[in-house]
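What follows is a single structure, written as structure tokens, with notes after it.
Please treat every number below as a calculation from the coordinates, not as lab data. Values in this document were obtained by computation on a predicted structure and should not be read as measured data. No Cβ is skipped: glycine too gets one built from the backbone with ideal geometry, and neighbour counts run over all protein chains shown.
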Amino acid sequence: MNKITQKELKVSAIENGTVIDHIPSDKVFQVIRILGLDKMLNQITFGMNLESKKLGKKGIIKVSNTYFEKDEIRKISIAAPHATLIIIKNFEVIEKKKIDLPDEFEGIVKCFNPKCITNHQKVMQHFKVMDKENLVLQCHYCEKFTKKENIEFL
Amino acid sequence: MKNKSLISIHDLSKEEIYEILDLAEKFEQKPKQRILRDYIVATLFFEPSTRTRLSFESAANQLGARIIGFSDASNSSVQKGESLKDTIMTVSLYSDIIVMRHPIEGSARLASEVSDVPIINAGDGANQHPTQCLLDLYSIRKTQGTLDNLNIALVGDLKYGRTVHSLVEAMCKFNATFHLVSPDILKLPSSVKQHIKDAHLKYEQYTDLEDVTDKVDILYMTRIQRERFSEPMEYERVKNAYILHNNMLDNSKPNLRVLHPMPRVNEINEDVDCNPKAYYFQQALNGVYVRQALLSNMLGVEPENK
Ligand SMILES: [Zn+2]
């Protein structure tokens, strides 16, 4: 086992599944919630306030026997824009990918504007990502901005 | 723009704006021409706005179109809980173009996504009212001969005024210099100021109306609403500071014109009405020409005097 893998296994190794690494520590519970991991029956381990060169302190979540779909990865990208996804099969790292915020996406979060049509009728939310660094979303419908501190997941 | 909807002023390029304004001039030269006699225009006013509706209906009538619709949602199927989507899908089967006003922001964009016919947004809450913006641009060009390099003062409620925000953003395409006159609590929001900065244009903020009257080409007045103030005393203190009187225009530039989106309450004193620099009634009439231009353009019908 190389050094990197050993470090990743600090929380506990998984045979098959996904590791979500480089989550800001304060976002770990949010990621758990939006992915519905709190209702999942598979083995899940997570850690917070682990040392990280990039983030200072980071969080990590390991989910056994689960590989996330596009929509779920998108959710992670909004809650934790700099996270890394590590796909593990037979204790081996098969793939490691940085997840990126899309330029535009549907659903996932609520428009912050209470007068927006998406908060009044059955309409799928639709946002353009205006600022990836500071996470500023513009609603396709009401044109108002939803900022990082106001993001509420559906 | 045939078969395209008009939802937001941001949807229009500079070229498309000029195209509409040029076409509106044709209708100013010849307002009555029955080129839309085979068309049905639906005017759906989910919230009442008599001025805007009459302007659209006058525009449609002068072109010979038939009009269907409602002026108030309270006695329509909407009141029975029908979704906006269903209303629009149904009406789009009965009409060739839909003009809609709705209190909820983003409603017009949604409508344009479910409708088979073009939608003209006649106001969606505090969001957009692009035909007002186009008639403002038409009036500015008409009175100044150009849209480029103008000094424009915006006066009154710059914080909540949707009309002001759209006009500022549109004039950013034309190298304007902005003079922003308002009480401190009704200043232009920073998000709108950002547009000015992004376009590398100049703006200055004032609290005194008399500081700008002599140096601008356009004086765009707006109403200050009592509801915007939590303190009634504060309203009483500022309300008279933003009233334009005729003598305040004594040293203004000869090309200055006074605009107002109407209705006014008392922010332009009636003694201004006789001043040749007062342009707000003509501005309202220009709205009819602009709406004629939009209806014909979006239906793909050319004026007789092209
Ligand atoms: Zn919205």
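Only residues of the range A:61-105 count here: report those whose backbone N is under 19 Å from the spot 7 Å along Cα→Cβ of A:Asn16, or say none. Output list for this probe position: A:62-70, A:86-96. Between A:Glu95 and B:Ser77, the simple spin-label model (points 7 angstrom out along Cα→Cβ) gives 4.7 nm. Annotation: amide H of A:His22 within the under-5 Å range of A:Gly59, A:Thr84, sequence separation 5 or more or interchain, hydrogens built in the peptide plane. If you run the Gaussian network model on chain A, springs between alpha carbon atoms under 10 Å, then out of A:Ile23, A:Ile94, A:Ile108 the most flexible one is A:Ile94. Taken as Cα centroids, the range B:180-222 and the range B:88-165 sit 21 Å apart, rounded to the nearest whole angstrom.
Each Lys and Arg Cβ is given +1 and each Asp and Glu Cβ -1; about its Cα centre, chain B then shows a dipole of about 480 debye.
Residues whose amide H falls under 5 Å from that of A:Asn65, counting only those 5 or more places apart or on a different chain, are A:Asn16, A:Gly17, A:Thr18, with hydrogens built in the peptide plane. The reciprocal of the average 1/r between distinct C-alpha atoms defines the Kirkwood hydrodynamic radius, which for the range B:13-147 equals 15.7 Å.
Note that the range B:46-57 has calculated 3J(HN,Hα) couplings of 6, 9, x, 7, 4, 4, 5, 5, 5, 5, 5, 5 Hz, one per residue in order, obtained from phi through the Karplus relation 6.51 cos²θ - 1.76 cosθ + 1.60 (θ = phi - 60°); glycine and proline are x. The relative contact order of the range B:130-284 comes to 24 percent, based on Cα pairs under 8 Å that sit 6 or more residues apart. Total lysine pairs in the range B:130-284 at Cα distances under 22 Å, for residues eight or more apart or on different chains: 27.
Calculated mean residue ellipticity at 222 nm for chain B: -11000 deg cm²/dmol, from DSSP H runs with n ≥ 4 weighted as -39500 (n - 2.57), summed, divided by the residue count and rounded to 500. Projected onto its three principal axes, the C-alpha set of the range B:127-169 covers 29, 20, 14 Å, listed from the longest axis down. Over the Cα atoms of the protein assembly as shown, what is the Rg over Rh ratio if Rh follows Kirkwood? Expressed as Rg/Rh, it is 1.08. The equivalent ellipsoid that matches the C-alpha gyration tensor of chain A spans semi-axes of 31, 16, 13 angstrom, in descending order. With a Förster radius of 35 Å applied to the beta-carbon distance between B:Lys14 and B:Arg264, the computed FRET efficiency rounds to 0.70. Counted by Cβ distance under 10 Å from A:Ile73, the other residues give a net charge of 0, where Lys and Arg count +1 and Asp and Glu count -1. Under 14 Å from a point placed 7 Å out from the Cα of B:Asn247 along the Cα-to-Cβ direction: which residues of the range B:258-301 have their backbone N that close? Only B:271-272 fall inside the zone, counting backbone N under 14 Å.
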